[in-house]
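Here's the structure we're looking at; comments come further down.
Computed from the coordinates by the stated procedures, all read-outs in this text should not be read as laboratory data. Quick caveat: nothing in here was measured; it's all calculated off a predicted structure. All Cβ positions, glycine included, derive from the backbone under ideal geometry; neighbour counts span all protein chains shown.
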Amino acid sequence: MAVPFSLLQENGVSKAYHLVDGPSISNSREGRLLFIARPTTLNVARIVQQIHNDTALRISREYIVAFSPRLTSIMQQELEAEGLADIIDTRSVNFGFIPVDNDVLLLGHPNAAAECVLDADTSVTTEISLALADLESIVGPFRELKSKGPVSGSIISQFLRLQEEKGSVDSNSSSTRDSNMHAVFSIDRHIDLITPMLTPLTYEGLVDEVMGIKNCMVTIESAGLQSQLLLQGPVTSNQPSSHQATGSSSNQFNIPLVSDDPLFAEIRNMHFSTVQTQVLTAKARALQQNVQKSTQLRDSNLTDLKTFVSTDLPVIINSKSSLENHITVTTAVHEAAQVPSFQKRLALEADILEGAPFKTYKDVIEDLIVQGCRLQHVLRILCLLSAVKGGVKASRLDSLLRSLLHTYNYDSVFSLYNLEKAGLLLRTSDHGDLNSDPSPVYLDFAKSRLGGSSAGWSKLKDKLRLMGDVDPDSPTDITYIHAFAGYAPLSIRLLQAHLNLNGFKPSDDVIYPPVVVSRSANARGQRHRSIVVVVFPGGLTYSEIAALRYLNQLEGCPHHFVVAATAIINGSTFISEFLAQ
């Protein structure tokens, strides 16, 4: 939730439910039900089912349905077809960006990329432009707007059109206000399909990779956790979690991962091995010393005891609880990461990025398939290979497809088709010609992806210094985030290039230049860093968040970065959007 449930209770909310299939609400007797849902056919069907269940049980209620970001005519027609339009109070609610951290804003729209490509539903561009307009009205005008990719271009165009309609750009409102906002830089997810497919090795990124972070929480099971994680992988947005499916269990509990926890705020962007071998050990020793000091208070006066109880003791208790939680999480992630298939995937990623020939890792990919590795993990490798090589030769892809069919069901064929349509997996001829037929949204980009060959990746890798040696314990560059391969997120390197940061310059971008719109605004003095809002329609990864936070900590950086996106993704959740259902 974006707000504590206690706040909802103070405003008259007695219970909260997930909108799922089945009569989950019909057992309650509340006189008024408020549904908050996205305007999708599935959500309308679930709402209709709940109301029909109430009718069958002779339960009379008042129904309010708030569609976010807006009620569409299609949803209204579906309600009318069910004969429920007259008994439901329908409303539109635009939440805009929801701050989930000090520097992270989310729309809460996890399937935006698939909807845009597979369903030709580009309403997410309107959502983001509206959210940016709301943000500008609060923080002041953006002096520059940069877009990279067709979806981002549409977002900026709609944003400018909205501001024109409001008359806020040319009038005496926002354009004359002092602003510390330097720019909005929106970059399509398809510009960088490499970063999501890789395994992040920061603490927060690896926890999400192995266990799945949902609503800033990770679910821990005291028994059987590792076997479940290794066989099934983390819960994706399309799969119900175990506590949702079966209810809470005595051996299951949630651990919050929020910046309010000082220990988590310190370790979240560190390399996992550093957290495991150094930080947690040092924290445990420090805590032990504080506990030992507390035992020396036997002969202290009442004033000292009162001071200890009111100030030191709460800190010790909170530190102990936090440390226990993160040791539990670290242990679970460490054990899961030692499994041979996990290590094979890390090595595969490094080989592909280094440009090793296909024959060197073909057998490894087939072994992962034969061993029943999660389909998402196998498809991630294939999509990474496609992004780096500019496509996969049809003969090689067909050979792997036969292996997929033997291990998985026929749905894998349709999943591959979806990936090809989305431009995530490109099929090429032996001469390098594009054989796939991606969505028109990404056709031009698919044809020019990295020059259409591994030579394009090699050029890009050298220009933007995407690969390099790194010391995870003392990082000097964002390559520490993917330390196994020594890879810096491409999207962030492009941002550095176009903002002339850390020795990079716009000419280093060999993909294609962004579209830049400059606007008049009164810049504040240089006493403070100017703010750059980096927008990722289609989702962003914890790798990119960690990289931007690393840049924020650098001395001399003229900007402070805030990231906004449709959702936080990893390779598996991103691939899951395109899997055949």
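Model label points for I138 and K362, set 7 angstrom from Cα along the Cα-to-Cβ axis, are 5.4 nm apart.
Relative contact order for the range 93-141: 31 percent, from Cα pairs under 8 Å spaced at least 6 residues apart, divided by residue count. Partners of K148 within straight-line reach, counting lysines whose Cα lies under 17 Å from its Cα and excluding those fewer than 8 residues away in the same chain: K447, K505.
For the range 466-581, with only Lys/Arg (+1) and Asp/Glu (-1) charged at the beta-carbon, what is the dipole magnitude about the Cα centre, in debye rounded to 20?
Values: 7 positive and 9 negative charges, 135 e Å.
It comes to approximately 640 debye.
The slack in the chain from D469 to S157, taken as 0.36 nm per residue of separation less the alpha-carbon distance, amounts to 108.3 nm.
FRET efficiency for the pair E30 and V93, taken as 1/(1 + (r/R0)^6) with r the Cβ-Cβ distance and R0 = 35 Å, rounds to 0.95.
Cross-link partners for K15 among the aspartates and glutamates, with Cα-Cα distance under 18 Å and sequence neighbours closer than 8 places in the same chain left out: E30, D54, E62. Shape call for the range 489-581 from the C-alpha gyration tensor, a ≥ b ≥ c root eigenvalues: rounded (a/c under 1.5), prolate (a/b greater than b/c) or oblate? Judged from the Cα gyration tensor, the range 489-581 comes out prolate (a/c at least 1.5, a/b above b/c).
May I ask you to derive the FRET efficiency for D462 and K505 from their Cβ-Cβ distance with R0 = 25 Å, giving the value to the nearest 0.05?
0.95
Annotation: lysines with alpha-carbon distance below 18 angstrom to K283 (same-chain offsets under eight excluded): K293, K320. Along the range 492-505 the Karplus relation, 6.51 cos²θ - 1.76 cosθ + 1.60 evaluated at θ = phi - 60°, assigns HN-Hα couplings of 6, 4, 5, 4, 4, 5, 7, 10, 6, 9, 6, x, 8, 9 Hz to successive residues, with x for each Gly and Pro.
Distances between placed amide hydrogens fall under 5 Å for T428 paired with V392, K393, A394, N435, all partners being 5 or more residues away or on another chain. In this structure the amide hydrogen of M217, modeled in the peptide plane, comes within under 5 Å of the amide hydrogens of L257, none closer than 5 places in sequence on its chain.
When the range 11-123 is described by a simple charge dipole with +1 on each Lys and Arg Cβ and -1 on each Asp and Glu Cβ, the residue from T41, N102, I87 located farthest towards its positive end is I87. Relative to the 2.2 N^0.38 Å rule of thumb, the range 1-117 has a C-alpha radius of gyration ratio of 1.14.
Rounded to the nearest 0.05, the FRET efficiency derived from the C-beta distance between T407 and Q289 at R0 = 51 Å is 0.45.
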